[in-house]
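Only one structure is covered here, and it is reproduced in the block below.
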Amino acid sequence: MSTILFNEIIFGPIHSRRLGSSLGVNLLPYDGKLCSFDCIYCECGFNKDFRTHTKLPSRTNVKAAMEDKMVSLKRDLIAVDVVTFAGNGEPTMHPDFEGIVDDTVELRNKYFPNSQISVLTNGVHVDKASVRRALDKVDKNILKLDSAFDATVHLIDRPNSPDYTVSRQVERYKQFKNSIVIQTMFVRGQFEGATFDNTTEEEVSAWLDIIKELSPREVMIYTIDRTTPAKDIEKVSIEKLHQIASRVEDLGIKTNVAG
């Protein structure tokens, strides 16, 4: 069972395979997980195994913790390439997400003006106007798209909503025009008797059609790097990831590969 939970509001900086020196922001409770997906590869484990018993941190507490950390890092001459909203679940579920992003922009400009702000999100909540506005204010709104097929998404990402469809999600993503970054986890294996592999030609071709339709400014391609709650998951080779990336680059879109 994977149990990597962040017990602080602000953590790191840690080295991110895709983003560099990343100062993490956890807007979820420290003692559990809160997410609108329940991915079989999530390093924080399955939702049911880590139900939280504490409240979300307040906007005031997040800002205070962030400023305290930034002052300390600045004093110690520790570099920060990016401030990243991630943590124990889906950050955009926080009711004050937009306000917290505003505070983060303010503090970033004050202490680390050359760093970027990123949000790692499953994209489910971008139908909320406040979430869309907040994501438009950050440097990289990194939105998940693990497959073009509903069946695959429901198997490996396991959205809480049974009504989730890829087509609806794609329409939501179009609201951002070309400003988004798409992130895709490529995996293969078995779960609850079902076999999955989103690196097959059928999967990749359909996924590329959506990438072409969305025309994001960047695509992040990666595979598992840590312990996963579902055990029969295979890491995809770096060679395969680069093969997929080359097909994205043929569309004129920048890629970022992390094996």
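The chain has equivalent-ellipsoid semi-axes of 29, 21, 18 Å, by the square roots of 5 times the alpha carbon gyration tensor eigenvalues, sorted largest first.
Given their separation in residues at 0.36 nm each and the Cα-Cα distance between them, Lys74 and Asp49 gain 5.3 nm when the chain is fully extended. Solvent-accessible surface of the chain, averaged per residue with a 1.4 angstrom probe and all protein chains in place: 44 square angstrom. Annotation: for a label point projected 7 angstrom from Cα along Cα→Cβ of Asp232, residues of segment 152-182 with backbone N closer than 19 Å are 152-158.
By the Cβ rule of 4.7 Å, the chain holds the following cysteines without a possible disulfide partner: Cys35, Cys44. Under the shape rule built on the C-alpha gyration tensor, where the axes satisfy a ≥ b ≥ c, segment 138-259 is oblate, since a/c reaches at least 1.5 while a/b does not exceed b/c. With R₀ fixed at 51 Å, the C-beta to C-beta distance from Leu251 to Gln190 puts the FRET efficiency at about 0.95.
What FRET efficiency comes out for Asp127 versus His154 if R0 is 22 angstrom and r is the Cβ-Cβ distance? Round to the nearest 0.05. E(calc), rounded to 0.05, equals 0.70. Computed from the C-beta positions of Arg217 and Asp31, the FRET efficiency with R₀ = 41 Å rounds to 0.65.
For the set Lys140/Lys177; Lys137/Lys212; Lys74/Lys144; Lys63/Lys137, the pairs lying more than 22 angstrom apart at their alpha carbons are Lys137/Lys212; Lys74/Lys144.
Rounded, prolate or oblate: pick one for segment 1-128, where a ≥ b ≥ c are the square roots of the eigenvalues of its C-alpha gyration tensor, a/c under 1.5 means rounded, and failing that, prolate if a/b is larger than b/c, else oblate. Judged from the Cα gyration tensor, segment 1-128 comes out prolate (a/c at least 1.5, a/b above b/c). Each part gets one Cα centre, and for segment 184-259 versus segment 59-89 those centres are 31 Å apart.
For segment 1-80, give the percent of accessible area contributed by carbon and sulfur heavy atoms, probe 1.4 Å, rounded to a whole number. Summing carbon and sulfur atoms, their accessible area is 54 percent of the total for segment 1-80.
The coefficient of translational diffusion for segment 62-207, derived via Stokes-Einstein from the alpha carbon Kirkwood radius under 10 °C and 1.306 mPa s, stands at 94 µm²/s. Ranked by the mean number of other Cβ atoms within 10 Å per residue, highest first, peptides 243-252, 184-193, 115-124 order as 115-124, 184-193, 243-252. Mean sequence separation of contacting Cα pairs (under 8 Å, at least six apart), scaled by the length of the chain, corresponds to a relative contact order of 18 percent. Once the Cα-Cα distance is subtracted from the 0.36 nm per residue extended length, the Arg168 to Ser21 segment shows a gain of 49.5 nm.
Report note on the peptides 162-170, 58-66: ranked by the mean count of other C-beta atoms within 10 Å, highest first, their order is 58-66, 162-170.
Ranked by the mean number of other Cβ atoms within 10 Å of their residues, highest first, the peptides 133-141, 225-233, 23-31, 6-14 fall in the order 23-31, 133-141, 6-14, 225-233.
The values are calculated or read from the model by the stated rules, or taken from the named source; none is laboratory data. Since the model is a prediction, treat every value here as computed from it, not as a measurement. Glycine also receives a Cβ, built like all others from the backbone with ideal geometry; neighbour counts cover every protein chain displayed. Note: accessible area is taken over every heavy atom of the protein model, side chains too, but ligands, DNA and RNA are not part of it. Shrake-Rupley method; radii C 1.70, N 1.55, O 1.52, S 1.80 Å.
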